[in-house]
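Worksheet: one structure, shown below.
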Amino acid sequence: MSTSVDVQPVAYDEAVTAFDPVLGLEVHIELGTASKMFCGCATEFGAEPNSQVCPTCLGLPGSLPVLNRVAVESAIRVGLALHCSIATWCRFARKNYFYPDMPKNFQTSQYDEPICTDGYLDIDVVTDDGPMQVRVEIERVHMEEDTTAPTIRSSTTTAPASRSSRS
């Protein structure tokens, strides 16, 4: 037995007044640290491919990550600027799935338990009715290592490991 529903088109103005549109953005920033997120390898832009790598950022067996203190301090500063609550405890986890641009095939991320949560950013906007302040809610600020930058040339793709694991 099937049930049919008569769906009528709704005018734009009707839809806007009937619903409260919610938009979400995921914004990535590079913290600009001198070394990568979990090792001491440099992050110098323009360096030769695979010249800024070590066993840790390549994910080799037996290598252990060490968290970049400057990255944590920078993330906390971002959280404070966005009026976030700063966690007294947070954790990193592996996101395991195939990354064509991550040589170790996992990314270390804080997605589930971030360092900063529940913030906001007030923005002044000009409307037809005059100036108005709009509050943009911030769900989380979390840290994760960066992937590489694949280079695609005709039939060949390379993914130098130097860029991977950056903060």
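Structure notes:
- Long-range neighbours under 6 Å by Cβ, at least six apart or interchain, first residue at positive phi and at pLDDT 90 or above within the range 85-112, second surrounded by 14 or more Cβ atoms within 10 Å (Cβ to Cβ) and among the small types (Gly, Ala, Ser): none
- Entry remark, the range 113-154: residues being outside any strand (DSSP E or B) and either at pLDDT below 90 or under 15 Å from the mean Cα position of the chain (by Cα) (or both) number 12 in total.
- Remark: residue 18 matches the filter, which requires a residue to be exposed (fewer than 10 other Cβ atoms within 10 Å of the Cβ) and of a type in the set (Gly, Ala, Ser).
- Taking the criterion of being outside any loop (DSSP other than H, G, I, E, B), modelled with pLDDT of 90 or more and farther than 30 Å from residue 123 by Cα, the only residue of the range 57-84 that qualifies is 69.
- Residue in the range 119-136 that is farthest from residue 92 (Cα to Cα), counting only those that are in contact with an Asp or Glu (Cβ under 8 Å, 6 or more places away or on another chain) and loosely packed, with under 13 Cβ neighbours inside 10 Å: 131
- Taking the criterion of being assigned to a loop (DSSP other than H, G, I, E, B) and either of a type in the set (Val, Ile, Thr) or buried (at least 16 other Cβ atoms within 10 Å of the Cβ) (or both), the residues of the range 27-49 that qualify are 27, 29, 31, 33, 36, 37, 38, 39, 41, 43.
- Hits in the range 56-70 - residues which are in contact with a strand residue (DSSP E or B) (Cβ under 9 Å, 6 or more places away or on another chain) and under 14 Å from residue 143 (Cα atoms): 68, 70
- Residue list for the range 89-112, filter: surrounded by 11 or more Cβ atoms within 10 Å (Cβ to Cβ) and part of a strand (DSSP E or B): 93, 94, 95, 106, 107, 108, 109
The values are calculated or read from the model by the stated rules, or taken from the named source; none is laboratory data. What you see is a predicted model; the values in this text were computed from it and never measured. So basically every Cβ, Gly included, is an ideal-geometry build from the backbone, and we count neighbours across all protein chains shown.
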